[in-house]
Structures are given as structure tokens and as C-alpha cells.
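Everything below concerns the one structure shown next.
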């Protein structure tokens, strides 16, 4: 009876995150397909749309590809595919596409700032959950989160600059905007690290 009580919530949570991750991927690829077919309606026209059509599917499929090529046989961190991490790693790409499709980045002044904070939190939490060994201290988890999050944020800003910022009207304010984006991405990554550590600590206490 005790085994049933402790394992059922875990199985239920795994089932929910599995379907949520799959739904997020389907939504992402539908939006990418519509952006390819009807670029004028995508919201990403003139915003490195070609690069996004390449990078976003790769970003969403990194974990499944890693798992089936390597992790399933050799991962010491996960016995089954980590759907919760997969969902977290898919949400940033999906969130960005939805925001652009609905024109939220250009119509709501604080939307871009919020997305850099929130989506970088999702991305970092997903990476930590998927690949970071358990049992690390809070400080070390935070340092790893910052190392991943800040590096990813810098790569993103460099990509944006090369892809479209240097040829757009945004160049005049790009420096200030980039500094703000990097700061918010850093804070989002740090918060993600602290949350991942706390969730894992509480899970180990319950176990």
C-alpha cells in the first residue's frame, strides 16, 4: 500500500509533463511551419526568420536527440526520458514564437524584458534538470546556472546582432537593450538555479 501511495503521484506527474512537452513541440513546429509558408503573418519577418526556422527546432530537439543517441544507455541521472526537462527546454522557443506571432514584443513595452527573464529561467532550469548531477550545493548549482545562462545569453545577443540588429533601426538603441537583456537573462538563470536546487533538495528529503 505504501508503494502505491508514493509512486502514483510521480507517475501522474510524469504523464502530465510528457503530454505537455509533446503538445509544446507540436505547437512549436506548427508555428514554424506557418512562418515558413506565410512569413508575412509570422511576426518574425525581418527578425532573422531564416535563422529562427533553423535554430528553434534544433533547440527543441537537443534533449531527445541526446537521449536516444547517448543518454538512454549511459545516463546516470535519469532512468527514463526526463519529460519535465524537455518541457522546460521547449518552452523558451515556443514562447518567443507566440510572442512574435501575437506582436507582443512590439506592442507591450515590458514584454521583451519579461521574456528575457522568464524564458532564460526556463532554458536554464531545463538544462540543469537534464544534465546537472544531483547532490550539488546551492552555491555550486547557482554557479553552474550562471555559467550556462550567461553564456547562452551572450550567444543569443551575438546572434541577434549578426542576423538582423546591425541592419535595422534598432541599432541606435542596441547597446542599452543588449545590456538590459543580458542582465535579465542572468537574473533568470540565477533564479532557475536556486529553484532547481530547492526542488531537488525537497525531493530528496521526501524520498
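The values are calculated or read from the model by the stated rules, or taken from the named source; none is laboratory data. Since the structure is predicted, the reported quantities are computational estimates derived from the model, not experimental observations. Cβ atoms come from the backbone with ideal geometry, glycine included; neighbour counts cover every protein chain shown.
Remarks
- Test: residue in segment 67-78 that is more than 27 Å from residue 161 (Cβ to Cβ) and under 13 Å from the mean Cα position of the chain (by Cα): no
- Of all residues making up segment 10-66, the number that are surrounded by fewer than 16 Cβ atoms within 10 Å (Cβ to Cβ) and outside any helix (DSSP H, G or I): 3
- Of all residues in segment 139-178, exactly one satisfies the criterion of being modelled with pLDDT of 95 or more, farther than 22 Å from residue 56 by Cβ and surrounded by fewer than 13 Cβ atoms within 10 Å (Cβ to Cβ), namely 139.
- Across segment 119-137, a minimum of one residue is classified as over 18 Å from residue 75 (Cβ atoms) and either touching a strand residue (DSSP E or B) at 6+ places or on another chain (Cβ under 6 Å) or surrounded by fewer than 14 Cβ atoms within 10 Å (Cβ to Cβ) (or both).
- Taken over segment 100-116, the residue count meeting the criterion of being surrounded by fewer than 20 Cβ atoms within 10 Å (Cβ to Cβ) and within 19 Å of the chain's Cα centre (by Cα) is 7.
- Residues that are part of a helix (DSSP H, G or I) and in contact (Cβ under 8 Å) with a residue 40 or more places away in the chain within segment 67-84 comprise 83, 84, listed in sequence order.
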